Structures are given as structure tokens and as C-alpha cells.
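Student: Dropping a structure here in C-alpha cells format, bear with me for questions.
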Amino acid sequence: MIENQVIKDKTKELGNITVSKEVVAIIAALETIKVKGVVGISSGYKGDSANVLPKKELVKGIEVWMKQGEATVNISIITNYEVGVFKVAEEVQHKVKNALESMTGLNILKINVNIHGVRFGEEAKKIKEKKQKDTENKLQKK
């Protein structure tokens with residue numbers, strides 16, 4: 001999977017550092033779901049509404065383009081209406097950019113946030129509770 005990697009050569013005397021697109025996507029996904037107002041990450045529409053991805057599949061809602069030492073990231077999210085769509089998207093951009101730059105050393109050119117859906121109070125709460133129960137069930141099975 002060499003096409004999915006970028007080589008950082010800032011440390012020429014020590015060797016190269018390689019960061020894969022998947023690592024960038026995982027970091028972006030984990031930082032995104034930490035933001036207050038993010039109900040979940042979406043990979044698109046299923047039926048009439050945007051689907052919320054389970055925790056194991058979060059990277060399906062993240063697209064990463066990389067070239068030598070630089071990256072651009074697209075993130076598709078579903079937000080909670082009560083928090084404010086624009087504020088949530090802006091916070092996702094800042095948190096993901098800061099995390100990626102500090103953890104990978106990459107220059108992050110853009111963080112594009114696509115809002116695929118908006119959920120209202122009770123609906124968002126039910127989704128969060130279902131995700132928690134699913135995670136607990138998976139842990140109990142192990």
C-alpha cells in the first residue's frame with residue numbers, strides 16, 4: 001500500500017518517517033467524535049436520511065488526500081441541532097487540524113466538513129445511547 005503513504009524526510013540523518021492515510025483518517029475520526037454537538041460520522045445516505053457509522057467503521061466517513069508532507073481531509077458528520085451546525089463544524093476543523101499537525105507532523109492544508117444531517121434532541125440522545133450499548137455489548141462478548 002505504498003500509494004497510501006507519504007514519506008516525511010525531516011529527519012534525514014535518522015531515516016524516513018512514513019504516515020499512512022489510514023492513520024490520518026483514524027486520528028481525524030477520533031477527534032471529530034469528541035466534539036460536543038457531533039452526533040456521529042456519516043458515510044452518506046441510507047434511505048431518506050444520513051446514516052451514523054458505528055465506532056469500528058468511522059474512517060468510512062473520512063477522506064484523506066496526501067502528498068509529500070501535506071494532507072487535506074474531508075469529514076462527513078451528523079450534528080445535533082441544539083448546538084449549532086456552524087459552530088460544531090468550525091470546532092471540528094480546529095480540533096482535527098491541531099491534532100493531525102501535532103501527532104503526525106504533516107502540514108494540514110484543509111479540513112472540509114460536510115454536514116450530512118441534523119438530529120434533534122431526543123433523536124440524537126437515542127443514537128448516542130444505542131452506540132454506547134453496542135460498544136458495551138461488544139466488550140462483554142470479548
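Student: What's the number of the only condition in (1) modelled with pLDDT of 70 or more; (2) buried (at least 16 other Cβ atoms within 10 Å of the Cβ) that residue 130 fails to meet?
Tutor: With respect to (1) modelled with pLDDT of 70 or more; (2) buried (at least 16 other Cβ atoms within 10 Å of the Cβ), residue 130 is out only on (2).
Student: Condition first: among the acidic types (Asp, Glu) and at pLDDT below 90. Now tell me which residues in region 58-81 satisfy that.
Tutor: Correct list: empty.
Student: Scan region 12-38 residue by residue and report those that are assigned to a helix (DSSP H, G or I) and either hydroxyl-bearing (Ser, Thr, Tyr) or exposed (fewer than 14 other Cβ atoms within 10 Å of the Cβ) (or both).
Tutor: 32, 34
Student: Scan (1) modelled with pLDDT of 90 or more; (2) under 16 Å from residue 112 (Cβ atoms); (3) of a type outside the set (Asp, Glu); (4) not in a helix (DSSP H, G or I) for the single condition residue 43 breaks and write down its number.
Tutor: Result: residue 43 fails condition (1) only.
Student: In this structure, does residue 84 turn out to be under 18 Å from the mean Cα position of the chain (by Cα), closer than 26 Å to residue 64 by Cα and either modelled with pLDDT of 70 or more or not β-branched (Val, Ile, Thr) (or both)?
Tutor: On the way: under 18 Å from the mean Cα position of the chain (by Cα): no; closer than 26 Å to residue 64 by Cα: yes; either modelled with pLDDT of 70 or more or not β-branched (Val, Ile, Thr) (or both): yes.
Considered against the rule, which asks whether it is under 18 Å from the mean Cα position of the chain (by Cα), closer than 26 Å to residue 64 by Cα and either modelled with pLDDT of 70 or more or not β-branched (Val, Ile, Thr) (or both), residue 84 comes out as no.
Student: For region 91-111, check the following and say yes or no: at least one residue is closer than 17 Å to residue 33 by Cβ, modelled with pLDDT of 90 or more and in a strand (DSSP E or B).
Tutor: yes
Student: Please find, within region 83-111, the residue that is nearest to residue 25 (Cα to Cα) out of those that are free of Cβ contacts under 8 Å to residues at least 40 places away in the same chain and of a type in the set (Asp, Glu).
Tutor: Step by step, filter region 83-111, then rank; the result is 101.
Student: Quick one: in region 9-30, of everything that is over 29 Å from residue 89 (Cα atoms) and among the charged types (D, E, K, R), which residue is modelled with the highest pLDDT?
Tutor: Among residues in region 9-30 that are over 29 Å from residue 89 (Cα atoms) and among the charged types (D, E, K, R), the one modelled with the highest pLDDT is 13.
Student: Taking the condition of being surrounded by fewer than 21 Cβ atoms within 10 Å (Cβ to Cβ) and in a strand (DSSP E or B), how many residues in region 46-63 meet it?
Tutor: Qualifying residue count, region 46-63: 3.
Student: Looking at region 125-140, I want the residues that are closer than 16 Å to residue 36 by Cα and have a partner that is at pLDDT 65 or above and aliphatic (A, V, I, L, M) with Cβ atoms under 9 Å, at least 6 apart or on another chain. Which pairs are those?
Tutor: Note: pairs meeting the criteria are 127/39; 127/52; 127/78; 128/39; 131/52.
The values are calculated or read from the model by the stated rules, or taken from the named source; none is laboratory data. On a predicted model such as this, the values are computed, not experimentally measured, just so you know. Virtual Cβ from ideal backbone geometry, glycine too; neighbours counted across all protein chains shown.
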